[in-house]
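Just so it is clear, none of the values below were taken in a lab; they were calculated from the coordinates. Owing to the predicted nature of the structure, the values given are computational and were not obtained by experimental measurement. Glycine gets a Cβ as well: all are built from the backbone with ideal geometry, and neighbour counts include every protein chain shown.
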Amino acid sequence: MVTKCLGLLIGDEVDWPDTLEALLHRLGNRIEYRGKSYDINVRRLRIRPFSLTAPSRYDLVIDRLAYWHFAPREWLKKAALVNRTYLLNNPFTFQSMEKHSAYCAMIRLGLHIPETWLIPQKVNPDTEKFRRTAALYHEHFNLPGIAEQVGYPVFLKPFDGGGWRGVTRVTDLRKLHEAYNNSGQSLMHLQKGLADYDIFCRSLAIGPQVISLHFQPEKPHHARYKVDHNFLTPEIGREVTTITKLINAFFCWDFNSCETIHKDGIAWPIDFANACPDVAVTSLHYYYPWAIKALLAWSLFCLVSERPVQIAMQPQKYFDIADSERSYDEKLAAYEKLADGHFQREQFEEFRQTSLAGLDDAMLDLVQAPEFDTILHNTVEATFPRHEHGMFFAHYRGLLSLWAQGQQPQPEAVEEEPEAAPEAPA
Ligand SMILES: Nc1ncnc2c1ncn2[C@@H]1O[C@H](COP(=O)(O)OP(=O)(O)O)[C@@H](O)[C@H]1O
Ligand SMILES: [Mg+2]
């Protein structure tokens, strides 16, 4: 018997860690893989001083905190380098490769990135050295001219954005000045706005697993993900899946989301450097079970297959494809092969079907159990004001029950007695 320790690095969220632990518990905290038995312990990380040579009890850490919390981020780097701990995500490439680098890399790989300019910051650091450099080398520039050349509407947003911080949709000169004046010391992108688009898609990816969801950014938080199964054609569905896997394999990110805007038959990725994206039940609702299963499955695979943590990127093999004479579709197909190889897709799928054959039933069972009601209650209470608790509990319960119903085996169709077609979920 081998024991593996799965660490959770989290902030104030309770929903997905509680659900993940409950799901693993239903699997007996035990996995059989290629003739060996593994006991899996889960522990939540605590933040304290650490010696750089300290051993680590963790074999893998799922991290939702270190992107903005710096002591644990440095602990993660120590754990990867000194203790060989596997990390979801890679803090080395997430720290150095922000939204801007991700745009640049995907432009090089031939994806359709909306025209984007980097604009020097409005407010410079208040130091004599900086002032002298600015006087010598900073050129005056014509921001309205750039916006006009790109064409309104444009988006002004931080080059390393996240969580919609500092994002402004700009439709005219007055708004442009206002947004830039408000940007302070932030380095900004000015990006072509894709107006009147057909669909906004958010793909969530964990290892080689990708789910693409119909996202409605204009709606309130609880209603942004629409329950909608066929909103992309199979071809476009395949394209966004490939783009998402490509980005993650290229940057060695295991847990990320990719936003694409679809307009006039083209998929435009606009935001795809989202370290450890939101997987809260209050956002994902109907799709939450998919996310938790995917997170657990990939973590367990990495643990029992002893997948080594890959710290550095290997961009050249992607650039070789980018620089070849292939068409867009041929390049995507070649990237997909590399990405599937990076994520050991075949080996993972075999693991999912054999070692985790009981995972789907365990999740279905959990979602229908009183234990899950408790998790939902706790989350709703922590997220919404008191007078909305009842309404939101019913809202999420309803959506998760709808998911559970959809997982039940459907009765076989009998030709002589056609029944009304079941309604598509709203
Ligand atoms: N080029 C664009 N065209 C249309 N909408 C955009 C564009 N860029 C951003 N948006 C809108 O602004 C939101 C936030 O921008 P995004 O780049 O996703 O920033 P963040 O990284 O903060 O999430 C997006 O969800 C989308 O609704
Ligand atoms: Mg975004």
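The table below lists the values:
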| item | result |
| --- | --- |
| Sequence-distant residues sharing a close amide H with LEU60 (under 5 Å, placed H) | CYS5, GLY7, TYR86 |
| Reachable lysines, given that their alpha-carbon falls under 30 Å from the alpha-carbon of LYS129 and they are not under 8 places away in the same chain | LYS99, LYS157 |
| Rounded, prolate or oblate (a/c below 1.5 giving rounded, otherwise prolate when a/b exceeds b/c) for segment 95-155 by Cα gyration tensor | oblate |
| Chain lengthening between GLU346 and ALA333 when straightened (0.36 nm per residue, less Cα-Cα) | 3.0 nm |
| Tensor-based shape of segment 183-298 (alpha-carbon gyration tensor, a/c under 1.5 rounded, otherwise prolate or oblate) | rounded |
| Distance (nanometres) between label positions extended 7 Å along Cα→Cβ at ASP360 and ASN41 | 3.4 nm |
| Spatially proximal aspartates and glutamates relative to LYS175 (Cα-Cα < 18 Å; intrachain offsets below 8 disregarded) | GLU148 |
| Inter-centroid distance (Cα atoms) of segment 134-160 relative to segment 260-301, Å | 32 Å |
| Cα-based Rg and Dmax for segment 321-370, where Dmax is the largest Cα-Cα distance (Å) | 17.9, 57 |
| Ellipsoid semi-axes in whole angstrom, largest first, where each is sqrt(5λ) of the Cα gyration tensor of the chain | 37, 28, 23 |
| Principal semi-axes in Å for segment 230-366 [√(5λ), Cα gyration tensor, largest first] | 27, 20, 14 |
| Rounded if a/c under 1.5, otherwise prolate or oblate - segment 250-320, Cα gyration tensor axes | oblate |
| Residues whose placed amide H lies under 5 Å from that of ASN256, excluding near-sequence neighbours | ALA205 |
| Fraction of the pair-distance distribution of segment 2-96 above 18 Å, Cα-Cα pairs, percent | 48 percent |
| Spin-label model distance (nm) - ALA369 vs GLU218, 7 Å beyond Cα toward Cβ | 4.2 nm |
| Links that overshoot a 22 Å alpha carbon limit, given the list LYS77/LYS122; LYS36/LYS337; LYS4/LYS293 | LYS77/LYS122; LYS36/LYS337 |
| Those aspartates and glutamates that a straight Cα-Cα span of less than 16 Å connects to LYS78, excepting residues fewer than 8 apart in one chain | ASP59, ASP63 |
